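Encoded as structure tokens, the structure appears first; notes follow it.
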Amino acid sequence: MAQRMSIEPHQVIEVHSPATLKKIGEVAANSPLEVRAAVQKAREAFRVWSALDLKQRAEVLLSARDLFLAHREELIELICNENGKPRLEALVEITYVCDVITFYAKQGQRFLKPQRVTPHLLRNKKVTTIYNPRGVIGMITPWNFPLILTIGEAIPALMAGNAVVIKPSEWTPLIAERGAELLQQAFQAAGLPPQILQVVNGYGETGGALVDEADMIAFTGSVRTGKAVAVRAAQRLIPISLELGGKDPMIVLRDADIERAANAAVWGAFTNSGQVCISVERVYVEEPIAEEFTRRVVEKTKSLRQGSDVSEINTNSRVDVGAMTFPKQIETVEAHVADARAHGAQILTGGQRNPDLPGRFYEPTVLAGVDHSMKVMTDETFGPVLPIMRVKNAEEALRLANDTIYGLNASVWTRDKAKGEAIAARVEAGMTCVNDVLVGFGISDAPSGGLKESGIGKRHGAEGIRRFCHQQVIVTDRFGMKREPLWYPYDATTERFLTRAVGALFSSKLSAKLKSLFGK
Ligand code: NAD
């Protein structure tokens, strides 16, 4: 098992498969005292881990990548079982972890290289910035991508030299523990302490205790909890990154490739049963193509196969759409659909729990006749629901797309890519795709994060690793004069010198004259 401290009797968290509703395991909830003990152990491990150079840390993480590959089948089965997603989507989680290790093992060395700064004024000083690890990073994570958002999130923090303590969702703790075990195996094989990465389990109390102990919190989850975490972290003035919810719009313009856009809408809305922070949550389609686009979306939705790929229950072929992990989420979905219906929306397909399956399955649902008076167009649904709204033109689509408290992701669909990019730049979102959906998250090079209430900070790219560091500036004197002009004693000569220097340096008249003489 992953390293967990045992001080007192624990509350047991039972884990049930959302597809079968059967119990598949259990973990013990950790008390605040145990969280403190875990962070202390992490601090000791941090001293050893941070003393390695980036290349050495990269080697250890790359050896862990081999373990993730070797255990691929077992991990896929566990993800499908615990989270309810189809096999292919579980494979994506493992692919992500391997890719993020590969990316930061190489690029991390570049992103964290000391940087020389040439001062524009005090040229007699050498200035270098370096990136130091922060210490112990606490990660509090949700259930929808239980490997990506735990182990995947930990990789750049580890590469930067931090120790990590993860508090996974109480709904999906098993995969986080198994992933942590594989990383710990790699640490131990390299003669390093396994406590470089630990998992603590529990509910909000355990997460809160981690905020009280860690040196930084990387939180992924709902806006509500994100705000509570931010308030708590503010008491200690520790840095945080917040990756929160979204209500991502898809804008389909009249010159779009309707077939590609319809395929994207269906996949973008229903992959992982719509439990994706960057899933397509609402569509704005221009009138002239609305009917054809909607027809194709409904036809494709009806052909989706819903069920489970867990070997125990999958007696037939593969499935496209899995179960819903979190019981409350399926209730939110039901409430949004009921609210839309009550306000006059039409259900074109779906609109109910799947009556033929035992677990928590909600049928992929397409709605028409929707508007912003309905929750399904304004609040995060986080389920397999695709509301389609007709708009007169791109300007109306943009206005509605931006009429939200969220700003995570978006997409624009048009054959005119330049126009698409221009409209994309006007969507208030951390990332906007043109003629694509969701894919930006899979590009480790591209910073990903939210505006407005969708969060603070970025994962991926240079920012994705630098957020786990504090940037220290080293200023070194170059010439070793016995006394700098500004040092004591303050005298009239120094003041005359400085007065002239200030005049010469900052006078607009002088700089205009120099420009006319030298053209610079
Ligand atoms: P949640 O906010 O309910 O829980 C997230 C984590 O916070 C869990 O581990 C939970 O135990 C913990 N927690 C709960 N109360 C806490 C408290 N008071 N202090 C500290 N920790 C506490 O979210 P969820 O239902 O697990 O996840 C769904 C949400 O996550 C959606 O809104 C989704 O959009 C968002 N999400 C965002 C991203 C992103 O990258 N922006 C990615 C995935 C999911």
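The values are calculated or read from the model by the stated rules, or taken from the named source; none is laboratory data. What you see is a predicted model, and the numbers here were worked out from it, not measured in a lab. Because the Cβ atoms are built from the backbone with ideal geometry, glycine has one as well, and the counts that use them run over all protein chains shown. With ligands, DNA and RNA removed, areas are computed over all heavy atoms of the protein, side chains included. Shrake-Rupley method; radii C 1.70, N 1.55, O 1.52, S 1.80 Å.
Taking the simple approach of a point 7 Å from Cα along Cα-to-Cβ for both GLU463 and GLU421, what is their distance in nm?
Using points 7 Å along Cα→Cβ, the separation is 2.0 nm.
Could you tell me how far the Cα centroid of segment 222-264 sits from the Cα centroid of segment 338-399, in Å?
18
With a 1.4 Å probe and all protein chains left in place, how much accessible area per residue does the chain have, in Å²?
That works out to 44 Å² for each residue.
Starting from the Cα of GLU77, step 7 Å along the direction of its Cβ; do the same at LEU486; then give the gap between the two resulting points in nm.
With each label placed 7 Å out from Cα toward Cβ, I get 6.7 nm.
In terms of modelled amide H atoms, which long-range or inter-chain residues lie less than 5 Å from the amide H of SER169?
Residues meeting the amide H criterion: THR141.
Where does the chain land at 222 nm, in deg cm²/dmol rounded to the nearest 500, when only DSSP H runs of n ≥ 4 count, each adding -39500 (n - 2.57), divided by all residues?
Per the formula, -13500 deg cm²/dmol.
Just to confirm a number: summing +1 for Lys and Arg and -1 for Asp and Glu over residues other than LEU91 whose beta-carbon lies under 13 angstrom from that of LEU91, what do you get?
Numbers: positive: ARG72, LYS85, ARG87, ARG318; negative: GLU73, GLU74, GLU77, GLU89, GLU93, ASP99, ASP309.
Around LEU91, the surrounding residues sum to -3.
Under the rule of at least 5 residues apart or a separate chain, name every residue whose amide H is placed under 5 Å from the amide H of VAL117.
Under 5 Å from the amide H of VAL117: VAL127, THR128, THR129.
Show me, for segment 116-121, the HN-Hα J-couplings you get by feeding each phi into the Karplus relation (A = 6.51, B = -1.76, C = 1.60, θ = phi - 60°), rounded to Hz, glycine and proline as x.
In residue order, the calculated couplings are 8, 10, 9, x, 7, 10 Hz.
Give me the net charge for the shell around ALA262: Cβ to Cβ below 13 angstrom, other residues only, Lys and Arg +1, Asp and Glu -1. Present the calculation step by step, with values, prior to reporting the outcome.
Details: positive: ARG260, ARG295, ARG296, LYS300, LYS302; negative: ASP257, GLU259, GLU291, GLU292, GLU299.
Computed value for this residue: 0.
From the phi of every residue in segment 276-286, what ³J(HN,Hα) in whole Hz does the Karplus formula 6.51 cos²θ - 1.76 cosθ + 1.60 yield, where θ is phi - 60° and glycine or proline is x?
Once rounded to whole Hz, the list reads 10, 4, 10, 6, 6, 9, 7, 10, 10, 10, 5.
Quick check: net charge around PRO447, other residues with Cβ under 11 Å of its Cβ, Lys/Arg +1 and Asp/Glu -1?
Value of the local net charge: +2.
To make sure I understand the rule: partners must be lysines, Cα under 18 Å from the Cα of LYS85, and not fewer than 8 residues away in the same chain. Which ones qualify?
In chain and number order, the partners are LYS22, LYS23, LYS328.
Taking a cut-off of 16 Å between Cα atoms, list the lysines near LYS452, but don't count ones fewer than 8 places away on the same chain.
LYS227, LYS247
With every protein chain present, what accessible area does SER17 have (1.4 Å probe, heavy atoms only), rounded to the nearest 10 Å²?
Ignoring ligands and nucleic acids, SER17 comes out at about 0 Å².
Okay, which of segment 58-93 sit inside 11 Å, backbone N to the point 7 Å along the Cα-Cβ direction of ALA189?
Output list for this probe position: 60-71.
Under 5 Å between amide hydrogens, which residues at least 5 positions from LEU367 or on another chain qualify, with H placed 1.01 Å from N in the peptide plane?
When sequence neighbours closer than 5 places are left aside, the close amide H contacts are LEU348, LEU386, ILE388.
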